[in-house]
1. Once you charge only the Cβ atoms, +1 for Lys and Arg and -1 for Asp and Glu, what is the size of the charge dipole of the stretch 9-104 about its Cα centre, to the nearest 20 debye?
2. When only DSSP loop residues count, what GluC sites (Glu not before Pro) in the stretch 88-129 have their Cβ near at most 15 other Cβ atoms within 10 Å?
3. Identify the trypsin sites (Lys or Arg not before Pro) of the stretch 104-157 meeting these criteria: DSSP loop state and at most 11 other C-beta atoms within 10 Å of the C-beta.
4. Mind listing the phi-derived Karplus ³J(HN,Hα) values for the stretch 415-432, rounded to whole Hz, using 6.51, -1.76 and 1.60 with θ = phi - 60°, and x for any glycine or proline?
5. Rounded to the nearest 20 Debye, what is the dipole magnitude of the chain about its Cα centre when Lys and Arg each give +1 and Asp and Glu each give -1 at the C-beta?
6. Check cross-link reach from residue 333 to the lysines: straight Cα distance under 21 Å, and skip same-chain residues fewer than eight apart.
7. Quick check on the exposure proxy: order 126, 223 from fewest to most C-beta atoms within 10 angstrom.
8. Given H placed on each backbone N at 1.01 Å, which residues far from residue 416 in sequence or on other chains put an amide H within less than 5 Å of it?
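Bear in mind that the values in this text are calculations on the coordinates, not laboratory data. Values in this document were obtained by computation on a predicted structure and should not be read as measured data. Cβ atoms come from the backbone with ideal geometry, glycine included; neighbour counts cover every protein chain shown.
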Amino acid sequence: MTHAAAGFRHVSVQELTAYEGQEVTLKGWLYNKRGSKHLQFLMVRDGTGLVQCVVAADSVDVDAWRIAEEATQESALIVTGKIVADERQAGGVELVVSTLKLVGESVEYPITPKEHGIDFLMSHRHLWLRSRLPWAILRIRNRLIVAIHTFFQDRGFLQMDAPILTGNAVEGTSSLFELDYFDEKAYLTQSGQLYGEAMAMAFGRIYTFGPTFRAEKSKTRRHLTEFWMIEPEMAFFDLDMTLDLAEDLLVYMIGDVLAHCKEELAMLERDLAPLERVRKPFPRISYTEAVELLCSNETVDMLSVRIQALEEENAALAEELAANRKRYGQAKKSERRRLDAREIVIHRRTGEIAEALQNLPAWKASARSFKWGSDFGGSDETVLTWHFDRPIMVHRYPAAVKAFYMKRDPDDVRLAMALDVLAPEGYGEIIGGGERATDLVFLEEQIAAHQLPKEAFEWYLDLRRFGSVPHAGFGLGLERMLTWIAGIDHVRETIPFPRLMGRIAP
Ligand code: 4AD
Ligand code: MG
């Protein structure tokens, strides 16, 4: 009879420290291993964490020893043994194995600890999810979702769901996914906002949190075709109240992740200082002020300093790489492992630097020649955020670059009462929203001016016919927010199965 059958308690890796000195059973997969003639060190992951399991040839039966010797990466295992303290281990404990069972073998697992290209990893996303970095990133995603619900529920907002199949466009017609709905045209929703407005008139303060779709025909590091948006919508709210709410939400989310995801952030080697600086108040600047800043000498100087710093960093990394390679020949096995890992990091960083050095001169030129009235491009937003140490809130954009439903600024009708929040460290727009137009006739004109079919919006216009009130809201892109928090350079790693132009599988 095995020990597991004898009834040792099944515990998860994250609970192990509470079982020091006791015998427990762990169920998981072999992450990697090393060993010698009489000893095998199995790193076992169970989804909650990773623990070292030590198998000694003379303290397990022959079957168990053979499993320990032969088990390959990602074999599924049931391990029983005693939990002992070991301060060199990440969780402070290891498991001394008494029995070992193979549940499912794993032959030639395609993702190995060596470096793989991003396309290879993306094509193996169903397996790649088991690796350390996806683990860390997606656990933060879960925490953000918890924080969002807590934030809104504590403030009396109701979560309401907007439909995914819709008959009307929200954010312009160029990025619609169209489908055939029993011989009628329908679309995948771009935003729950218009429905959010109806629900705000019924319930006061609501938020929707659902998948949204945009047929983005460009490949950028900020765009998915399917992403999750959090959209609060509030009756009797103006632009300033909405800016306050967005600020409170972001401060709350960051504080919550800093408090609950230390281990994950450390695995991502995230510099915490920029996150810790996310305190109120955030700078609030108008679009017009943002344009002035973008075109200023200050921006030119800042970019020149950046280019020089990157060139210096690049030279230092090249030197280090050459020195490491020289050392490799004489290095011990453990040292070689460290050098291999470092080489991967250096490659990644020099790739980023090369790209930045290629882009920055063009960005400088684009910022310099930016004309009032245009919408900010991704690079303009990036450059703007480099001037500040925390998120910035840009408000009052030219109405011409915003959606049809925006309220106009009573002090300058060229402007919409819009708000965008730009994340620091170059990440750019994470929130878009503003105050909504309340006047029926004005909205009818806007629908016509945007060449939208009026019939599809009759229900929306009813909200202005029956008790129209000032109201406002915004949309926060979950994946954009997480890209910034995790400090990674592409949004595709922030959702379990990303949908991008040119990628629908797995
Ligand atoms: O600025 P957007 O287009 O605003 C709206 O959709 C409004 N109707 C929201 C509202 O007021 N209720 O999108 C809002 C946010 C962006 O700031 C960004 O974070 C995210 O949604 N987003 C995307 N994220 C990933 N991939 C894309 N293609 C995205 N497009 C927008
Ligand atoms: Mg936007």
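1. Values: 10 positive and 13 negative charges, 32 e Å.
Computed about the Cα centre, the dipole is about 160 debye.
2. Sites meeting the loop and neighbour criteria: 105, 108, 115.
3. Values: sites: 114, 125, 130, 132, 139, 141, 143, 155; in loops: 114, 130, 155.
Answer in residue order: 114.
4. 9, 9, 7, 9, 9, 10, 10, 9, 7, x, 6, x, 6, x, 4, 10, 10, x
5. Details: 60 positive and 74 negative charges, 313 e Å.
Here the size comes out at about 1500 debye.
6. Reachable lysines: 33, 37, 114.
7. Details: 126 11, 223 20.
The order, fewest Cβ neighbours first, is 126, 223.
8. Under 5 Å from the amide H of residue 416: 397, 399, 409.
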